[in-house]
């Protein structure tokens with residue numbers, strides 16, 4: 001089905017999926033009316049569909065089963081740290097969590113994950129950070145810099161470590177450079193090729209055991225970006241060849257989901273084929289650490305319209321939340337797709353509006369040129385694909401950081 005067909009009035013909206021859609025004119029998540037949930041909990045309100053989280057994990061694990069190589073999936077905790085989400089993933093059998101700060105490690109331990117099921121990859125670490133991390137001797141620790149290697153060796157001679165590498169190529173959603181962790185003139189992440197031999201020499205001299213390599217080069221890639229990923233894997237091969245006895249190769253996360261009608265779902269079969277072609281036999285185990293792929297389309301953000309009027313030539317809909325509640329549209333130019341919590345009438349009028357947040361900053365626009373039914377003050381909007389890097393990145397700028405998060409189980413059948 002083409003993008004235009006998906007968005008036509010003759011078919012369901014492109015964004016509808018199991019667990020999300022209109023029932024008796026109300027938008028529901030896992031069978032729960034968003035209007036009823038908002039009436040009970042207030043807005044801004046995040047709603048997470050735990051059934052969708054588990055289904056996303058199962059789909060990914062089914063694809064990885066075709067690798068023919070032992071593999072592990074670590075969930076990127078920074079994407080969404082709601083306790084019910086973590087509990088659902090743990091119950092569904094995820095191997096562990098990917099963390100990037102000592103605080104996340106502590107949270108992961110509190111959520112029931114043993115240290116040897118927690119992978120840590122951080123940057124710009126302080127001495128205090130390293131002291132806290134090394135209190136967990138079984139933590140899977142990936143060093144981001146030569147400086148990290150030297151300080152780990154001082155504190156824990158003989159420690160087993162991984163090395164975070166930077167292949168000099170980046171990848172991200174469409175052409176979004178803000179989502180690339182490598183490439184261009186260089187980024188702050190990982191060991192560049194010209195540093196790698198020095199890093200290995202320091203590790204050997206200081207008694208550290210290098211057991212794994214890690215790379216994460218960008219976020220949100222879909223099928224059209226897989227040729228770039230192929231080039232990234234080729235660039236990483238040089239690093240891998242320097243360590244022929246790797247216990248693990250962590251290929252990072254970055255798997256994307258459709259955000260606009262023109263996007264198609266990532267071809268997991270093609271992604272797995274790339275992994276198999278490049279990395280079969282390269283390490284004892286292949287690891288992946290998705291975040292958004294598991295939780296992004298499992299969450300919606302419900303906001304209330306409070307100021308609907310035309311200013312100049314633009315019809316604005318002001319809502320009771322902004323980038324302090326969900327920063328991705330403002331900070332990363334990533335779309336949150338808005339839909340009405342009431343089903344549009346079959347012949348109802350649509351209008352083009354710009355949805356503005358309540359932060360007193362010019363960049364606080366949640367969505368420009370949205371086509372929506374005519375809205376009035378008090379109407380509710382649901383912003384789709386809000387389950388990742390929303391609440392977890394929220395701030396209290398302008399003292400507008402209040403929101404509620406709830407997780408809902410799959411609807412009873």
| query | Quick check: anything in region 379-401 in a loop (DSSP other than H, G, I, E, B), over 27 Å from the mean Cα position of the chain (by Cα) and closer than 20 Å to residue 41 by Cβ? | reply | yes
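Results for (1) surrounded by 20 or more Cβ atoms within 10 Å (Cβ to Cβ); (2) in contact (Cβ under 8 Å) with a residue 60 or more places away in the chain; (3) at positive phi, shown as yes or no for each residue.
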site	(1), (2), (3)
302	yes, yes, no
307	no, yes, no
310	no, no, no
325	yes, yes, no
332	no, yes, no
396	no, yes, no
| remark: If you go through 45, 60, 27, the only one that is touching a strand residue (DSSP E or B) at 6+ places or on another chain (Cβ under 8 Å) and under 30 Å from residue 281 (Cα atoms) is 60
| request: For residue 229, indicate whether it is touching a strand residue (DSSP E or B) at 6+ places or on another chain (Cβ under 8 Å) and either loosely packed, with under 15 Cβ neighbours inside 10 Å or not in a helix (DSSP H, G or I) (or both). | output: no
| Would a scan of region 21-38 turn up a residue that is in a helix (DSSP H, G or I), at pLDDT 95 or above and under 25 Å from residue 254 (Cβ atoms)? | no
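Each row is one residue, and each column tells you yes or no for (1) assigned to a helix (DSSP H, G or I); (2) surrounded by fewer than 20 Cβ atoms within 10 Å (Cβ to Cβ); (3) at pLDDT below 85.
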{"residue": "158", "(1), (2), (3)": "no, yes, no"}
{"residue": "162", "(1), (2), (3)": "no, no, no"}
{"residue": "186", "(1), (2), (3)": "no, yes, yes"}
{"residue": "194", "(1), (2), (3)": "yes, yes, no"}
| request: Residues being under 24 Å from the mean Cα position of the chain (by Cα) and part of a loop (DSSP other than H, G, I, E, B): count how many of those fall in region 360-374. | output: 2
| said: Looking at the structure I just gave you, is residue 90 more than 23 Å from residue 246 (Cα to Cα) and surrounded by fewer than 16 Cβ atoms within 10 Å (Cβ to Cβ)? | reply: no
| message | Being surrounded by 21 or more Cβ atoms within 10 Å (Cβ to Cβ) and part of a helix (DSSP H, G or I) is the filter here; which residues of region 39-53 pass it? | response | 50, 52, 53
| task | Within region 373-394, identify whether any single residue is more than 25 Å from residue 29 (Cα to Cα) and surrounded by fewer than 17 Cβ atoms within 10 Å (Cβ to Cβ), and answer yes or no. | result | no
| message | Conditions first: (1) in contact (Cβ under 8 Å) with a residue 60 or more places away in the chain; (2) over 30 Å from residue 51 (Cβ atoms). Residue 369 passes all but one, so which condition is the exception? | response | (1)
| said: Going through 72, 90 one at a time, which residue ends up being without any contact (Cβ under 8 Å) to a residue 24 or more places away in the chain and under 19 Å from the mean Cα position of the chain (by Cα)? | reply: 90
| message | Out of the helices (runs of 4 or more DSSP H) lying entirely within region 250-356, which hold 1 or more residues that are farther than 21 Å from residue 394 by Cβ and over 25 Å from the mean Cα position of the chain (by Cα)? | response | 268-279
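The values are calculated or read from the model by the stated rules, or taken from the named source; none is laboratory data. Note that the structure is a prediction, hence the values are computed from the model and not measured. Backbone-built Cβ (ideal geometry, glycine too); neighbour counts: all protein chains shown.
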